[in-house]
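The values are calculated or read from the model by the stated rules, or taken from the named source; none is laboratory data. All of these numbers come straight from a predicted model, not from anything done at the bench. Don't worry about glycine lacking a Cβ; one is built from the backbone with ideal geometry, like all the others, and counts go over all protein chains shown.
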């Protein structure tokens, strides 16, 4: 019960302070990413180009990184920000936020789908269309931007139609603003079409094909683009290029907020609490479990969580705990394993396999948790059925020696003894019962 109270207090404090902590963390990250000077730097004669690498699914941390990169570019008076992109897609909310930041940036932004073999799927298409300049390396592709709802409704569902129409309107607005192919943009959303870099350039989906960053900057140089303050002409001759590397904090948060890691953390957290309840006072499982649960809840704040899946995972924990109290011959444990599997399957509110908990991680985690719970349960049952090792009860069945009238010698100590018969001194007796400090004994039969 003490563990549950500590856990409940910790979770309550986390939920109470999470808005403040989020704002504080964002301020720290912003201060870490931006210059310490409050005043904008005077642009150097040599043009400055910042690059940022976005590799993987688009999520909340990606949104924060790009927002900070744009802010730093504006503060330092950079001539261009290049987002080197390779993504299978991402979640809707951070994608709209990224597009909004790009469209409102006073520093021109170029999305460069690179290196060869990279792709800009789903969310990457919207980012590419929002950018001032869109470029692709050879052997890359772009497309498949059809939005999907978490429940996976069919295209004729009313809600899915609303989501699709909204996405079409957003990408068409960006296409018209940047002078790109509006018809293909709509096809990418409605029909999930994809094209190669060669086709993208021929159809005015992108502006530039380049094999590397040097070629890209050479082709951007001299072009005109529009930013919120008006039109600017790019002057990138002899530009100094600096890469904005991902900070240690962002790297950790990016790992934590991955669906696979979030599921593993939540599973470890639940397992730790269960093991602590199985063996009160172990401390380590409870501490590890509480930390893992808090990290998992942070990740859940950044992911589109399906609450039915979350409820199934919580139910699995309840079933595992109930196995100790109720004799079910393992049925509750089996039910918990099944509940944990389907909960993980439904946890992230998406039908895109690239953004959901992967099957390999799901099966491995469920198998490990199930095996750990089964092992812990077996040990608990084994200990409960085992003869006591310590205490007065451990004396039952031991052999003692009569020492004088009414006393026996056992385990290096004299005990008061009673028996239904007279037993001579020096005789071997068997202890049959312990009542306070008095032992009930019987004479051992001689062989």
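Scanning segment 404-428 for residues that are in a loop (DSSP other than H, G, I, E, B) and at pLDDT 85 or above, which turns out farthest from residue 438 (Cα to Cα)? Give the steps one after another, and end with the answer.
The first filter runs over segment 404-428 and keeps only residues in a loop (DSSP other than H, G, I, E, B), leaving 404-406, 411-412, 419-427.
Checking which are at pLDDT 85 or above leaves us with 419, 427.
Working: 419: 11, 427: 18 Å.
My answer is 427.
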>> So the check is Cβ under 6 Å with 6+ separation or different chains; which pairs have a first residue in segment 44-58 that's outside the structural domain of residue 75 (by TED's automatic domain parsing) and assigned to a strand (DSSP E or B) and a second one that's surrounded by 22 or more Cβ atoms within 10 Å (Cβ to Cβ) and at pLDDT 90 or above?
In response: none
> Mind checking which residues of segment 58-70 are surrounded by fewer than 22 Cβ atoms within 10 Å (Cβ to Cβ) and within 14 Å of the chain's Cα centre (by Cα)?
Replying inline: 60
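Of all residues in segment 122-145, count the ones that are in a strand (DSSP E or B) and either surrounded by fewer than 24 Cβ atoms within 10 Å (Cβ to Cβ) or at positive phi (or both). Show your work before the answer.
So in segment 122-145, the residues in a strand (DSSP E or B) come out as 133-136, 141-143.
Okay, now just the ones that are also either surrounded by fewer than 24 Cβ atoms within 10 Å (Cβ to Cβ) or at positive phi (or both), so 133, 141, 143.
Number satisfying all stated conditions: 3.
Based on what the data block shows, is residue 130 within 29 Å of the chain's Cα centre (by Cα) and in the same structural domain as residue 198 (by TED's automatic domain parsing)? Spell out the reasoning first.
Numbers: within 29 Å of the chain's Cα centre (by Cα): yes; in the same structural domain as residue 198 (by TED's automatic domain parsing): yes.
The answer is yes for residue 130.
Here's the yes/no breakdown for (1) over 19 Å from residue 219 (Cβ atoms); (2) at pLDDT below 95; (3) part of a loop (DSSP other than H, G, I, E, B):
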{"position": "94", "(1), (2), (3)": "yes, yes, no"}
{"position": "100", "(1), (2), (3)": "yes, no, no"}
{"position": "105", "(1), (2), (3)": "yes, no, yes"}
{"position": "120", "(1), (2), (3)": "no, no, no"}
{"position": "147", "(1), (2), (3)": "yes, yes, yes"}
{"position": "150", "(1), (2), (3)": "yes, yes, yes"}
>> Any residue that is under 20 Å from the mean Cα position of the chain (by Cα), surrounded by 21 or more Cβ atoms within 10 Å (Cβ to Cβ) and at pLDDT 50 or above - is there at least one of those in segment 34-49?
In response: no
> Across segment 79-113, what is the number of residues that are surrounded by 23 or more Cβ atoms within 10 Å (Cβ to Cβ), without any contact (Cβ under 8 Å) to a residue 40 or more places away in the chain and under 28 Å from residue 46 (Cβ atoms)?
Replying inline: 4
> Mind checking which residues of segment 301-332 are out of contact with any strand residue (DSSP E or B) (no Cβ under 9 Å at 6 or more places or on another chain) and buried (at least 19 other Cβ atoms within 10 Å of the Cβ)?
Replying inline: 302, 312, 313, 316, 317, 319, 320, 323, 332
